[in-house]
Amino acid sequence: MGLLKKFLENKPSVDDNLETIAYLASLDNLQKKAPRIAHAIIEEIQRQRNSLKLIASENYSSLAVQLAMGNLLTDKYAEGHPHHRFYAGCENIDTIEAEAVSLAKTLFEADHAYVQPHSGADANLVAFWGILIKRLEQPALLALEKTNVSQLSKEEYEKIRLQFSQQKLLGMALDCGGHLTHGSRANVSSKMFQAVSYGLDHRTHLIDYKEVRDIARREKPAILLAGYSAYPRLIDFSIMREIADEVGATFVVDMAHFAGLVAGKVLKGVYNPILYADVVTSTSHKTLRGPRGGFILCTEAYKEFMDKGCPHVLGGPLPHVMAAKALAFREALDPSFSSYAEQIVKNAKALAQALMAKKVHLITNGTDNHLVLIDVQRTFGLSGRAAENLLSSVHMTANRNSIPQDPNGPWYCAGIRLGTAALTTRGMKEQEMEKIATILYDLFKAARPSEDPKTGKPSLAKASIDEKVRERAKNEIAEMLSSFPLYPEIVLSPETIAV
Ligand code: PLP
C-alpha cells in the first residue's frame, strides 16, 4: 500500500500529523503481515465514508481513541482493581485504570466508577450480580458472623444460592424499547432473575409511571431498571427512584444509549440518572463516542460490589481499552462535547419534525433524545426489514426495530430506528436532517412490498422500487456525504489501496 510513504511525499509537519502518521504506518504494517485484514479495514473505511450512518447505537470515535488501543497493554493481565490486584506487575495498569476512573467520576459527577466491563451487556451482568451479592450474600455472611463465602458450609452456601434465583428484575419490555439484557427470555438476565416488564401507554407510547408503580408494588422486584435502546423520550428518574424506594428495590439505570447526552449536560435535573440511581451502567461507544466497551457508575454503598466485577463475572480487564476510555472521557470533558451533545438532539428533533411534516408516523410523535422511531408499516405499508434493505441499497445504514405491539414480530419488525449521533460527529446539522427526511420519504413512498414467491402475498422481507428513484437517492446521498468527509486525514488514493 505505501500509505505512509505517499503521505510523507508532501513533507507534512510530523508534529501536526502524529495521528495520521501512526494510523497509516499501522495500516502499511498490517498490509505486510496480514494483507486480507488490512484490505478489509481499508474497505471498511471506504464503506463508512460512503454511507449515511443512521444507526442509533453507533458513532465515529476519534483517531486518537482508536490508536490508544493499539499497543502492548493488551498483553497484561490485571485482575482485581487499581492497587488491589491478583497479578504482579500491574503498577502501570493501576495508573491507567485509576486515571480512567477519576475522569469518569469527574465527567459524570459520580461517587464511583468501574471501567472494566468489556461491553454494555457485561456492565449489566456485573451490576446485577454485584447488587444481588450486596442484597443477599453480605447480610447472610454478617448474620452467620463470617467474612467470606468460602467459610460457609455447603448447606449455608446452597441456601443463599437458591435465594439468588428467586429475585425479580423489573425493566422495560423489549418490544417497547428495552434491551435484551433487561430480562428478555432470549438473554441470561431472564434466567438469573424472574423477569417482569413494564410496557408503554397503548395510546401515547410513553412510559406510564402509574403502571410501573403498580407492577413494582405487586412484584416487589430486587432491581428496578430504567433505560432503553429504542425509546425516543426522556425518563423522569426522580419518579423511578421514588418507586424503587417504595418497594425497597435497588434502582439501576442503563444509560448505554444516552451516556453522551448525560456527559454533555443535555440531560439535567430529573433526567440525569446519576442524581437518582444507585447504579448506572453504560457503554462507551454510542453517543459517548469512545472505544467499544462498558462502564459502571455507582454510589459509595455499591462501590465494593461493582469493583468485584472480576472475579464475580469478568475475566481479565482490557487495559488497552481502558486507556482509550480514559481518552474518550477526557474528550467528553472538553466544552466542545456539550455543543456536540446539544446538536445531536437538535438534529434528531429536526429529523423528526421534517418527517412528521410529511405525515410520517413516528412512535410518540417526535423525540427528545438522539433517536427517532418510524412506524414504516403503518405509514408506507413496508416491513422494517424491507425498509432496512431499501435504505442499505442507497447507502443509508439504519436498523429495523420492533415497535410497541409490533404486527410483524421481532424479526421483520414494523419500525425503523434512526439516530443522529454519528452524522452529528460528521458535522451535519438541521439542514442536512431535512434533506435526509426528504430522501427517505421519497424512497419509501415509491417502494412496494415485493410478492412472496411462495405465498403470492406481499413479502415482509423485500420491496421493489423504480430504479430511477433508487439512483436519485444514491446520488443525493453521495453528494451530501462529499461535504462531510470522514477522517479526511486518511488519504486513500487508488494506487495506494491496491493490494
Ligand atoms: N444496554 C443497552 C440499553 C443497549 O442498547 C445495549 C446495546 O445496544 C447494551 C446494553 C449492550 O451493549 P453491548 O453491545 O456493548 O454489549
Looking only at helices (runs of 4 or more DSSP H) that lie completely in segment 366-449, which have at least 1 residues being within 22 Å of Arg472 (Cα to Cα) and not assigned by TED's automatic domain parsing to the domain that holds Gly264?
376-380, 384-393, 421-425, 430-446
For segment 321-363, what are the residues that are of a type in the set (Lys, Arg) and not in a loop (DSSP other than H, G, I, E, B)?
Lys325, Arg330, Lys346, Lys349
For segment 214-250 the number of residues that are away from the ligand (no atom under 16 Å from the Cβ) and more than 30 Å from Ser336 (Cα to Cα) is 20
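How many residues are of a type outside the set (Phe, Trp, Tyr) and not in a helix (DSSP H, G or I) if we restrict to segment 29-82? Walk me through how you get there before you give the answer.
To start, the set of residues in segment 29-82 that are of a type outside the set (Phe, Trp, Tyr) comprises 29-59, 61-76, 78-82.
Applying the additional criterion that residues be not in a helix (DSSP H, G or I) yields 34, 50-59, 61-62, 69-71, 76, 78-82.
Result for segment 29-82: 22.
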Subset of segment 110-134 [closer than 15 Å to Phe251 by Cβ and either outside any helix (DSSP H, G or I) or within 15 Å of the ligand (Cβ to nearest atom) (or both)]:
Ala110, Asp111, Asn124, Ala127, Phe128
Any hit, segment 83-106, residues being within 16 Å of the ligand (Cβ to nearest atom), closer than 24 Å to Pro291 by Cβ and in a loop (DSSP other than H, G, I, E, B):
no
Scan of segment 166-189 for residues that are closer than 28 Å to Leu141 by Cα and out of contact with any strand residue (DSSP E or B) (no Cβ under 8 Å at 6 or more places or on another chain), ordered by number
Val188
Is it true that some residue in segment 37-53 is within 16 Å of the ligand (Cβ to nearest atom) and in contact with a strand residue (DSSP E or B) (Cβ under 6 Å, 6 or more places away or on another chain)?
yes
Which one of Ile403, Ile439 is at pLDDT 95 or above and surrounded by 24 or more Cβ atoms within 10 Å (Cβ to Cβ)?
Ile403
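The values are calculated or read from the model by the stated rules, or taken from the named source; none is laboratory data. Quick caveat, the model's predicted, so the values are computed rather than measured. Neighbour counts run over all protein chains shown; Cβ positions are idealised from the backbone, glycine included.
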